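Everything below concerns the one structure shown next.
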Amino acid sequence: MFDYNFHWRPVMKSLPDLLEAASLTLQVAVLAMVLGIVIGLCLALARLHLRGPVYWFATAWVELARNTPALFQLFFFGFGLGAFGLHLSPYLIVLAGLTFNCAGYLAENFRGGFKAVPETQIRASRSLGMTPWQAYSRVVIPQVFRIVYHPITNQMVWAVLMSSLGMLVGFRELSGETQFFASRTFRIFEYFAVTAVIYYAIVKVILLSSRLMAARLFRY
Amino acid sequence: MEPTLKFFSGFAPNDLWFMGEAALRTLWISVLSISLGTVLGTLFGWMLYEGRRAATLTLAPVLDVFRSVPLIIQLVLFYNFAPIVGLNLDPFASGTVILTVYTAALVANVARGGIEAVGAPMRRAARSLGLSYWQDLRHVVLPIGGRAVFPSWVGVALGVMKDSALVSVLGYVELLKASQILITRTQEPFLILALAGAFYFALSYPVSRYATHLENRWAQ
């Protein structure tokens, strides 16, 4: 029943390459998150305060990002745009797909966060003589940040996990690199087992550092 | 002379049939693994709630692994691991097993949250009215806790439906894989991807809207 010989040596030999690919995974995930937070914030504010075409654009973005598979979104940026003669590199495909997806999900979180801060607070701070910018940056944003902090952490984890789809569009991040080595040596199980451990470690480090940061940030 | 053999042929009506069939396969594997995973996950959630220390030490870390490793890696790992222990599973069976466990890992947290959402005083009241432990679970905890976490459960179910696209890496021809095959043949990526995306959207959007509607109505 169990006549399979595990060969871990080739995996150990390519471990440095895998770890380097893991840093690429992390890089693209962080970049997508930073872009996603900025765009998501704009989308959330557009959906809350604007009317007309901008509102519909933001709503369409959010609903499309949330109601179609992430893999479909990657394929769209990969092959779909090719129909218009726009050929992105694998790195850009993954970055664009992840950013599109993260922005959509984060926009909904931000919208919930903004809704949770009562409007009377803005009026109160305005009547205390604050400019609109001051009211937003000193009263609203700090409270919203507290509310969306955990959703952002979760989305960061999702971004790392989702970047593994890069494997299917030819991007050599952690999963793509693993597949490359696995198909060269046929030690598929061994390679993917090690990769799974690396992903697990990355996720745990993200969650742990988020918790430590939260302890420092939200002391009061 | 006119060449009689062409590499690419246009999108034909019976390709729509091919995509429809693939869409049904997406639906089938999603429904199957969501229902099995929900049953299993509810059981896990109850175990996490009741068997406090024993369950947190054994079950929780295992479920945590399924949430912290990309689904695509889990699928490849299991598909290549099953033959090692002498199981010969086709892509559909492997996909169903992993999607089920993945759903269960996500539903377990939701279910535990649901049980926790029912206040201890209410459960004590139910017990002192003479209900047995199981009657209390069935007639008090299930309707009240279930209602509290129904929106998150819908979120999980829709997520799994979208993630079922990943089973295509094992060679199971579901909707996204079928689109890829058609794109290779017809070279019309935009049209075909739009069709596939529309199907996922048409499935996911109404359900998520309905869940939000129910949530708002129950919140009143």
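No lab work stands behind these numbers, since they all come straight from the coordinates. Not measured: the values here are computed from a predicted model. When we count neighbours, we look across all protein chains shown, and the Cβ atoms used for this are built from the backbone with ideal geometry, even at glycine.
Side notes on the structure shown:
Results for (1) surrounded by fewer than 16 Cβ atoms within 10 Å (Cβ to Cβ); (2) under 30 Å from B:Asn88 (Cα atoms); (3) charged (D, E, K, R); (4) out of contact with any strand residue (DSSP E or B) (no Cβ under 8 Å at 6 or more places or on another chain), shown as yes or no for each residue.
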site	(1), (2), (3), (4)
A:Arg9	yes, yes, yes, yes
A:Glu20	yes, no, yes, yes
A:Val34	yes, no, no, yes
A:Ile37	no, no, no, yes
A:Leu41	no, no, no, yes
A:Ala44	no, no, no, yes
A:Tyr55	yes, no, no, yes
A:Val62	no, no, no, yes
A:Pro69	no, yes, no, yes
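- Residues considered: B:Ala198, B:Ala125. Of these, the only one that is within 13 Å of chain A (Cβ to nearest Cβ) and over 30 Å from B:Asn80 (Cβ atoms) is B:Ala198.
- Residues being under 21 Å from A:Glu119 (Cα atoms) and either under 21 Å from the mean Cα position of the chain (by Cα) or not in a helix (DSSP H, G or I) (or both) - total across region A:48-60: 2
- Some residue of region B:148-162 being loosely packed, with under 15 Cβ neighbours inside 10 Å and more than 10 Å from chain A (Cβ to nearest Cβ): no
- Looking only at residues of region B:169-180 that are closer than 14 Å to A:Leu168 by Cα and aliphatic (A, V, I, L, M), we find that the one that is farthest from the other protein chains (Cβ to nearest Cβ) is B:Leu170.
- Scanning region B:133-189 for residues that are touching a helix residue (DSSP H, G or I) at 6+ places or on another chain (Cβ under 8 Å) and of a type in the set (D, E, K, R) returns B:Asp136, B:Arg147, B:Lys162, B:Asp163, B:Glu174, B:Lys177, B:Glu188.
- Residue within region A:141-160 that is under 25 Å from A:Met12 (Cα atoms) and not acidic (Asp, Glu) present: yes
- Subset tally (residues that are away from chain B (no Cβ under 13 Å) and closer than 15 Å to B:Gly155 by Cα) for region A:61-105: 0
- Residues of region A:99-129 that are closer than 23 Å to A:Ile37 by Cα and either of a type in the set (Gly, Ala, Ser) or in contact with a Ser or Thr (Cβ under 6 Å, 6 or more places away or on another chain) (or both): A:Ala103, A:Gly104, A:Ala107, A:Gly112, A:Gly113, A:Ala116.
- Residues of region B:58-73 that are more than 7 Å from chain A (Cβ to nearest Cβ) and either buried (at least 22 other Cβ atoms within 10 Å of the Cβ) or closer than 20 Å to A:Gln155 by Cβ (or both): B:Leu63, B:Asp64, B:Phe66, B:Arg67, B:Leu71.
- Any chance B:Tyr205 is in contact with a Ser or Thr (Cβ under 7 Å, 6 or more places away or on another chain), within 30 Å of B:Val149 (Cα to Cα) and within 12 Å of chain A (Cβ to nearest Cβ): no
- Verdict on A:Ala201 being part of a helix (DSSP H, G or I), under 18 Å from the mean Cα position of the chain (by Cα) and surrounded by fewer than 13 Cβ atoms within 10 Å (Cβ to Cβ): yes
- When A:Leu207 is tested against (1) at the interface with chain B (Cβ under 9 Å from one of its Cβ atoms); (2) within 24 Å of A:Cys42 (Cα to Cα); (3) surrounded by fewer than 21 Cβ atoms within 10 Å (Cβ to Cβ); (4) of a type in the set (A, V, I, L, M), only condition (2) is not met.
- Residue pairs meeting the criteria (Cβ under 6 Å; at least 6 apart or on separate chains; first touching a residue at least 12 places away in the same chain (Cβ under 8 Å) and outside any helix (DSSP H, G or I), in region B:181-197; second surrounded by 16 or more Cβ atoms within 10 Å (Cβ to Cβ) and not small (Gly, Ala, Ser)): B:Glu188/B:Phe11
- Enumerated helices (runs of 4 or more DSSP H) restricted to region B:11-101, each holding at least 1 residues that are touching a residue at least 12 places away in the same chain (Cβ under 8 Å) and of a type in the set (D, E, K, R): B:13-50, B:52-68
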